[in-house]
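Here the structure comes first, spelled out in structure tokens, and everything after it is commentary.
The values are calculated or read from the model by the stated rules, or taken from the named source; none is laboratory data. Note that the structure is a prediction, hence the values are computed from the model and not measured. Here the Cβ is made from the backbone with ideal geometry for all residues, glycine too, and neighbour counts use every protein chain on show. With ligands, DNA and RNA removed, areas are computed over all heavy atoms of the protein, side chains included. Shrake-Rupley method; radii C 1.70, N 1.55, O 1.52, S 1.80 Å.
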Amino acid sequence: MSGDRGPMAGTRLTRRYKVAALWRNVFRASTVVGIIVLGLLLINIANSAFGYVAVTNRVDPGDLVAEDRALEDLDHAELVAILEVNISKGLFRKLANEKPFAERERAEVLGLIYENVVKPEVAKQWTLLESITKRSEIVAEATTAYPSATLRFESWLDVAFITSPQSSDAVKAGIRTALLGSLWTIAIAIVFAFPIGVGAAIYLEEYADHARPAARAINQVIQTNISNLAGVPSIIYGILGLAVFVRVLEPLTSGAIFGLTDSTTANGRTIISAGLTLGLLILPLIIINSQEAIRAVPNSLREAAFGLGATRWQTVWSHVLPNAMPGILTGTILSVSRAMGETAPLVVVGASTYITADPSEPFSKFTTLPIQIYQWTTRPQDVFRNIAAAAIIALLMLLLSMNGVAIVLRNRFSKRT
Amino acid sequence: MDNGRIHTTKLDSWQDTNVTYAIEAQGLNVYYDNFRALKNVDLKIERHKVTAIIGPSGCGKSTVLRAFNRMNELFRSARTEGRVLFNGLDIYHDQIDPVEVRRHIGMVFQKPNPFPKSIYENVAWGARIHGYRGNMDDLVYQALTQAALWDEVKDKLGQSGLSLSGGQQQRLCIARTIATQPEIILMDEPASALDPIATLRIEELMRELTNNYTIIVVTHNMQQAGRVSDNTAFFSLDETDRAGVLIEYGPTLRIFSNPASKMTEDYITGRFG
């Protein structure tokens, strides 16, 4: 003790400050590591999703027209004429049969020329970091290695990428099919799991008998099992979905029972099977989250309602649920975000890896964004890596906007009180 | 046959003038699992009077109060033996609907607990769930007036009940209870979370309410019991099994000036508890 500064001061003070600073730095370091990892992830994705590309054309558009004009300046009739000259008669007839050229827009004919005559191909692509740091080297390489190529900065993620259907050509491929598939399955999962999950939570928290020891033991067993189910690997849910929804309930999940498909060719690998499987996957999570939200409603509110002569249902409906709703919604959205990124169970249930038709009903075949991303990354061509990165950004944006919706809903419910 | 209904209508229409007590406990025992919280309580509560229940912590004051409107069974595994006669009818009878009991015997809690809704809605909700068909605005006005709160909130009925001060919140809870038109109002330490001025207002209100209601109040505050109550029941712990027992019951003046039991005297004079 340093006597002259009084009994409250001490040599231990500096030591205590040191320890406090040490702990503060340890915790700060944890946060920094987390942020760095997240930053690396985003940089890695953006690195592939944007960058310079060298595009070579099978036929140079300038060769198709007279010296002083450009392909883009031509009118409808001239474009049709060019198309007719440069493609085989069979293909021309086939295109005309699909839709007469007179009915096609000018831009559509121009698109057909690019698709069937010009046939642009990506000869080489560079990453975003390379594009920023080594621009002059890229220009030099492009002019020597691909003299006929045009060099341009490509954003693989653009409006066309989101609105185009799947294609075997990476340049033209889009995620519309997969995006719609994801939205359909998630919608079905929510419609299935939300009411059941919240209902189960209400039962376990408000109605289940906690008075008798035997009933209490049974509740404990149920509770433990729900917690365990929340931790079961997702592929197991996929196997369950395959056995139950795809196989056993095939007449239902294929739509055959409603006369939508022929029962002999019925196939249960549909959106509804996938949605129900994801619903099963998030059900325990929704139950647990809802239970916690309901438990957080103060007992004094229940007492107040009961004291006024309310029944249990009146109490739950008017007071417990409205006050638990922000928590229930937050938990549900978090579960749904998890389901949105699930790949394994959908592979087992039978997601299509290559479909170009939009899903139009619960009995359509489907693919989802994670499946599409996975499938693209397994392709040998480099270009698919770029569009996979673009699709990842689209998926992340979808998740972020869903979380945004959750926050808006939660604030709405909180404000009501 | 809907037996519950028959009995609940009986609850409504029973006006036996021979029954002089508003509520009467006969041989009341309450157990939580195996623990006996209340032992052989006999208590007769007079109509249109304030009855105070006093006693040291853990002696079963709240338990006896909650036995009067069957609140014990809601949150804990409570078992009740004996009879509680409300207008001569045993509220623990098999065919009595506890929800109907709580409608006739309202309750105000220790901590003000208005619903997180508007002031108007706080008062109207109870009446609405009971299918009140009259003019709701009038009912809200009357209930808030009786609870001496109308002048303070008449311009902000749409605001949240939680925006009021603690004392106002407690009076809102009283108004909410009045709006369901009970016969008895149970109050579990209604002023313990309030400042002295708000406490006085609640006490004045309790006196006024005796014109229309029978009031039973649990309190820790000796002076409060002395100020507001007509009758006082003193509870204490049984030395042998820690169960709550009724030691002494009678007019407040007599209990405070000339207690029959040594325990009551010690407690009132502050020698224990």
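Take the conditions of a type outside the set (Ser, Thr, Tyr), more than 14 Å from chain A (Cβ to nearest Cβ) and within 25 Å of residue A:305 (Cα to Cα) and apply them to residue B:41. Does it pass?
No, not satisfied.
Hey, could you check the stretch A:393-408 for residues that are open to solvent by 60 Å² or more (accessible area, probe 1.4 Å) and touching a helix residue (DSSP H, G or I) at 6+ places or on another chain (Cβ under 9 Å) and say which is farthest from residue A:172 (Cα to Cα)?
A:407
Confirm whether residue A:112 is over 25 Å from residue A:153 (Cβ atoms), open to solvent by 60 Å² or more (accessible area, probe 1.4 Å) and of a type outside the set (S, T, N, Q).
Answer is no for this residue.
If only one of A:362, A:322, A:370, A:380 is surrounded by fewer than 22 Cβ atoms within 10 Å (Cβ to Cβ), farther than 27 Å from residue A:120 by Cα and at pLDDT below 90, which one is it?
A:362
Conditions tested, residue by residue: (1) outside any strand (DSSP E or B); (2) farther than 19 Å from residue B:58 by Cα; (3) over 17 Å from the mean Cα position of the chain (by Cα).
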residue	(1), (2), (3)
B:194	yes, yes, yes
B:202	yes, yes, no
B:217	no, no, no
B:234	no, no, no
B:247	no, no, yes
B:256	yes, yes, yes
B:259	yes, yes, yes
B:267	yes, no, yes
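Restricting to the stretch B:129-143, name every residue that is in contact with a Lys or Arg (Cβ under 8 Å, 6 or more places away or on another chain) and either at the interface with chain A (Cβ under 7 Å from one of its Cβ atoms) or open to solvent by less than 10 Å² (accessible area, probe 1.4 Å) (or both).
Matches in the stretch B:129-143: B:130, B:143.
Out of the residues in the stretch B:160-192 that are over 22 Å from the mean Cα position of the chain (by Cα) and within 12 Å of chain A (Cβ to nearest Cβ), state the one that is most open to solvent (accessible area, probe 1.4 Å).
Per the criteria, the residue is B:162.
Using the structure shown, decide if residue A:390 is open to solvent by 50 Å² or more (accessible area, probe 1.4 Å) and either among the acidic types (Asp, Glu) or in the same structural domain as residue A:226 (by TED's automatic domain parsing) (or both).
When the stated conditions are applied, residue A:390 does not pass them.
What pairs come up if the first residue lies in the stretch B:130-142 and is on the phi < 0 side of the Ramachandran plot, the second is modelled with pLDDT under 90 and of a type in the set (Ser, Thr, Tyr), and their beta carbons are under 7 Å apart, counting only those six or more places apart or on different chains?
Filtered contacts from the stretch B:130-142: B:139/B:132.
Mind checking which residues of the stretch A:42-63 are open to solvent by 30 Å² or more (accessible area, probe 1.4 Å), out of contact with any Asp or Glu (no Cβ under 8 Å at 6 or more places or on another chain) and modelled with pLDDT under 85?
A:59, A:60, A:62, A:63
Specify which of the listed residues (A:240, A:285, A:229) is at pLDDT 90 or above and open to solvent by less than 50 Å² (accessible area, probe 1.4 Å).
A:285
Residues that are in contact (Cβ under 8 Å) with a residue 40 or more places away in the chain, at least 2 per element: which helices (runs of 4 or more DSSP H) completely within the stretch A:181-282 meet that?
Per the criteria, A:213-230, A:234-241.
Looking at the stretch A:91-105, I want the residues that are within 14 Å of residue A:115 (Cβ to Cβ) and have a partner that is modelled with pLDDT of 80 or more and not in a helix (DSSP H, G or I) with Cβ atoms under 9 Å, at least 6 apart or on another chain. Which pairs are those?
Hits for this filter: A:95/A:87; A:95/A:104.
Which residues, counting only those in the stretch A:301-321, are within 8 Å of another protein chain (Cβ to nearest Cβ) and in contact (Cβ under 8 Å) with a residue 60 or more places away in the chain?
Answer for the stretch A:301-321, where residues must be within 8 Å of another protein chain (Cβ to nearest Cβ) and in contact (Cβ under 8 Å) with a residue 60 or more places away in the chain: there is none.
Can you tell me which residue is surrounded by the fewest Cβ atoms within 10 Å (Cβ to Cβ) among those in the stretch A:183-202 that are among the β-branched types (Val, Ile, Thr) and within 30 Å of residue A:162 (Cβ to Cβ)?
For the stretch A:183-202, the residue satisfying everything is A:191.
Test residue A:259 against the stated conditions and say whether it is away from chain B (no Cβ under 14 Å), open to solvent by 30 Å² or more (accessible area, probe 1.4 Å) and small (Gly, Ala, Ser).
yes
Listed here are the residues, each with its yes/no results for (1) in a loop (DSSP other than H, G, I, E, B); (2) facing another protein chain (nearest Cβ under 10 Å); (3) touching a Gly at 6+ places or on another chain (Cβ under 7 Å); (4) open to solvent by 20 Å² or more (accessible area, probe 1.4 Å).
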{"position": "B:73", "(1), (2), (3), (4)": "no, yes, no, yes"}
{"position": "B:94", "(1), (2), (3), (4)": "yes, no, no, yes"}
{"position": "B:103", "(1), (2), (3), (4)": "no, yes, yes, yes"}
{"position": "B:107", "(1), (2), (3), (4)": "no, yes, yes, no"}
{"position": "B:112", "(1), (2), (3), (4)": "yes, yes, yes, yes"}
{"position": "B:115", "(1), (2), (3), (4)": "yes, yes, yes, no"}
{"position": "B:120", "(1), (2), (3), (4)": "no, no, yes, yes"}
{"position": "B:127", "(1), (2), (3), (4)": "no, yes, no, no"}
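Any idea which of A:123, A:173, A:102 is part of a helix (DSSP H, G or I) and either surrounded by 15 or more Cβ atoms within 10 Å (Cβ to Cβ) or among the hydrophobic types (A, V, I, L, M, F, W, C) (or both)? Steps first, answer last, please.
Values: A:123 fails: part of a helix (DSSP H, G or I); A:173 fails: part of a helix (DSSP H, G or I).
Result of the check over A:123, A:173, A:102: A:102.
If residue B:58 meets every condition in (1) small (Gly, Ala, Ser); (2) open to solvent by 10 Å² or more (accessible area, probe 1.4 Å); (3) out of contact with any Lys or Arg (no Cβ under 9 Å at 6 or more places or on another chain) apart from one, which number is that one?
Of (1) small (Gly, Ala, Ser); (2) open to solvent by 10 Å² or more (accessible area, probe 1.4 Å); (3) out of contact with any Lys or Arg (no Cβ under 9 Å at 6 or more places or on another chain), only one is false for residue B:58: (3).
Starting from residues that are part of a helix (DSSP H, G or I) and of a type in the set (D, E, K, R), keep the ones in the stretch A:133-166 and report whichever is surrounded by the most Cβ atoms within 10 Å (Cβ to Cβ).
Across the stretch A:133-166, the extreme among qualifying residues is A:141.
What number goes with the only condition from (1) within 14 Å of another protein chain (Cβ to nearest Cβ); (2) among the β-branched types (Val, Ile, Thr); (3) not in a helix (DSSP H, G or I) that residue A:356 does not pass?
(1)
Check residue A:333 against each of (1) over 21 Å from residue A:187 (Cβ atoms); (2) touching a residue at least 60 places away in the same chain (Cβ under 8 Å); (3) open to solvent by 10 Å² or more (accessible area, probe 1.4 Å) and name the one condition it does not meet.
(1)
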